Amino acid sequence: MLDNIFLEALAAVIEEGGFDKAALKLNISQSAVSQRIRNFEEQLGRVLVVRATPPEPTEDGRKLIKHLHTIRLMEHDLNDSMGLNPSGEFVTLPVGVNADSLATWFLDALDGFLKEHNVLLDLYVDDENRTHEMLARGEVVGCIGTVSKPVKGCRSDYLATFDYLCLSTPDFYKRWFKDGFNRESVAKAPAAVFNRKDETQSQMLEKLFPGDSVAHPIFYIPSTESFVDIICRELAYGMVPEFQVEEELKSGQLIEVAPQGRVPVSLYWHSWNVETKLLEGLRRELVGYFNKNV
C-alpha cells in the first residue's frame with residue numbers, strides 16, 4: 001500500500017523544483033525530505049527522482065504524482081459530499097494554459113467557479129501546441145491546447161477558434177512594406193515572435209509563401225502584454241489574436257499587414273477522464289463560457 005507521506009514528499013520535490021523548497025512546503029527538514037524519497041524508492045525498488053537541477057521525475061515518478069493528484073480530487077469530492085471540510089481546506093489543481101489565454105479570457109471564464117469552490121490553481125504556462133505534453137506526462141490534470149485528439153486516458157472538449165492576425169502600425173508598414181508584403185520585405189523587417197516554440201509566424205509565412213523558408217530578423221518577446229506593446233512601439237510586426245486588439249484595430253493604431261495570412265487557432269480543453277465534481281465543474285465552466293460569449 002502506498003504511503004501518502006511519501007507521495008506528498010515526491011510531489012513536493014518535483015512541483016517546488018527542489019528538496020529545499022519541498023522542505024519549506026512540507027514544514028520539515030531537507031534531510032527528512034531526502035530520507036522519505038530514499039525510503040520510497042527502496043520500498044518500490046526503483047528510482048523515482050532524477051537528482052538534477054531542478055529534480056525531474058522518472059516515468060514511475062510521474063505515474064505516482066498523477067496518482068496523488070487523483071487521490072486529492074477524489075478525497076475532496078468525498079469530504080465535500082459528507083460535510084467533512086468545515087474549515088474550508090483548499091485543493092490545488094495543476095493546469096496547463098497558453099499565455100494568450102491566460103492574459104485574456106481564462107480567468108474570466110473561471111472566476112465564478114474559483115469563488116464558489118475552495119480551489120487553488122497551479123498554472124503551468126507553455127505554448128498552446130505543447131500544453132498537452134504536460135497532460136500526457138501527468139504533470140497537470142487539465143490543459144488548454146490546440147490538439148483535438150484526446151491524450152490517452154483523457155477527454156477533449158472543443159472551446160473556440162480564434163484568428164491570429166499579422167499586425168503592425170501604419171508607420172511601420174510604410175517603412176518596411178512600402179512595396180508590399182513580399183519575400184524581399186519580409187526578409188528585412190523585424191518580426192515579433194513569442195518564443196522559439198511559437199509557430200504562428202512560420203504558419204503565416206508558409207501560407208503566403210508555400211515551400212519557401214524565409215529567413216528574417218526575429219524579436220523574441222515571451223510576454224503577451226509586452227508582445228502587443230512591441231508592435232505598437234513600431235519595433236516589429238507580429239501575429240496577435242484578433243480579440244486581444246479589437247480596440248487598437250478599431251482606432252487604427254494597428255493595421256492588418258497581410259489579411260490573406262490569417263492563421264485560425266482552435267482551442268480545446270483536455271482533462272483526465274476521472275469522474276470528480278471539481279474536474280467536471282472546471283470543464284463545464286470553460287465550455288460554457290464560450291457557448292455564452294462566442
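Here are a few things to note about the model shown:
- Computed lengthening from ARG284 to ARG130, 0.36 nm per intervening residue step minus Cα-Cα distance: 53.2 nm
- Helix 277-293 axis, angle to the chain major axis (alpha carbon atoms, nearest 10°): 20 degrees
- Sum of side-chain charges, LYS207 neighbourhood, beta-carbon under 13 Å (Lys, Arg +1; Asp, Glu -1): -3
- Estimated at the nearest 10 Å², the accessible area of LEU26 is 50 Å² with a 1.4 Å probe.
- Checking (i) 58, 44, 39; (ii) 67, 50, 33; (iii) 70, 42, 31 against the coordinates, the calculated Cα extents along the principal axes in Å falls under label (iii).
- Projected label points at LYS174 and ILE28, each 7 Å from Cα along the beta carbon direction, are separated by 6.8 nanometres.
- Geometric extent, Cα atoms of the range 125-199 - Rg, Dmax (angstrom): 18.0, 52
- Cross-link reach is defined here as a Cα-Cα straight distance under 16 Å, omitting same-chain residues fewer than 8 places apart; for LYS152 the lysines meeting it are LYS63, LYS66.
- Gain in span if fully extended, THR58 to LYS152, counting 0.36 nm per residue against the direct Cα distance: 32.0 nm
- Across TYR220, TYR268, TYR158, mean-square fluctuation computed from a Gaussian network of the chain (C-alpha pairs under 10 Å connected) peaks at TYR220.
- Accessible area per residue for the chain is 51 Å², calculated with a 1.4 Å probe on protein heavy atoms, without ligands, DNA or RNA.
- Using only side-chain charges placed at the Cβ, +1 for Lys and Arg and -1 for Asp and Glu, the dipole size of the range 162-264 relative to its Cα centre rounds to 340 debye.
- With eigenvalues of the C-alpha gyration tensor scaled by 5 and rooted, the range 162-264, Å: 18, 15, 13
- If you plug the beta carbon distance of LEU2 and ASN291 into 1/(1 + (r/R0)^6) with R0 = 41 Å, you get a FRET efficiency near 0.55.
- In this simple spin-label model, placing a label point 7 Å from the Cα along the Cα-to-Cβ direction at both ASP229 and GLN35 gives a separation of 4.9 nm.
- Over the range 80-225, the pair-distance histogram of Cα-Cα distances with 5 Å bins from zero comes to 2, 7, 14, 16, 15, 13, 11, 8, 6, 4, 2, 1, 1, 0, 0 percent, rounded to whole numbers.
- Within straight-line reach of LYS292, meaning a Cα separation under 17 Å, sit the following aspartates and glutamates at least 8 residues removed in sequence or on another chain: ASP108, ASP111, ASP157.
- Expressed as a whole percent, the accessible area of the range 80-161 that falls on carbon and sulfur atoms is 49 (1.4 Å probe).
- For a straight C-alpha distance cut-off of 29 angstrom, the lysines reachable from LYS188 (same-chain residues fewer than eight places away being disregarded) are LYS174, LYS178, LYS197, LYS207, LYS250.
- When peptides 166-173, 210-217 are sorted by average Cβ neighbour count within 10 Å, with the highest value leading, the order is 166-173, 210-217.
- In terms of the mean number of neighbouring beta-carbon atoms within 10 Å, the peptides 130-143, 8-21 order highest first as 130-143, 8-21.
- Length added when fully stretched, LYS197-VAL214, from 0.36 nm per residue minus Cα-Cα: 4.4 nm
- Each Lys and Arg adds +1 at its Cβ and each Asp and Glu adds -1 at its Cβ; summed about the Cα centre, the chain shows a dipole of about 540 debye.
The values are calculated or read from the model by the stated rules, or taken from the named source; none is laboratory data. Quick caveat: nothing in here was measured; it's all calculated off a predicted structure. Note: ideal-geometry Cβ built from the backbone for every residue, glycine included; neighbour counts use all protein chains shown. When the accessible area is computed, the model is the full protein with side chains, heavy atoms only, and any ligands, DNA or RNA have been set aside. Shrake-Rupley method; radii C 1.70, N 1.55, O 1.52, S 1.80 Å.
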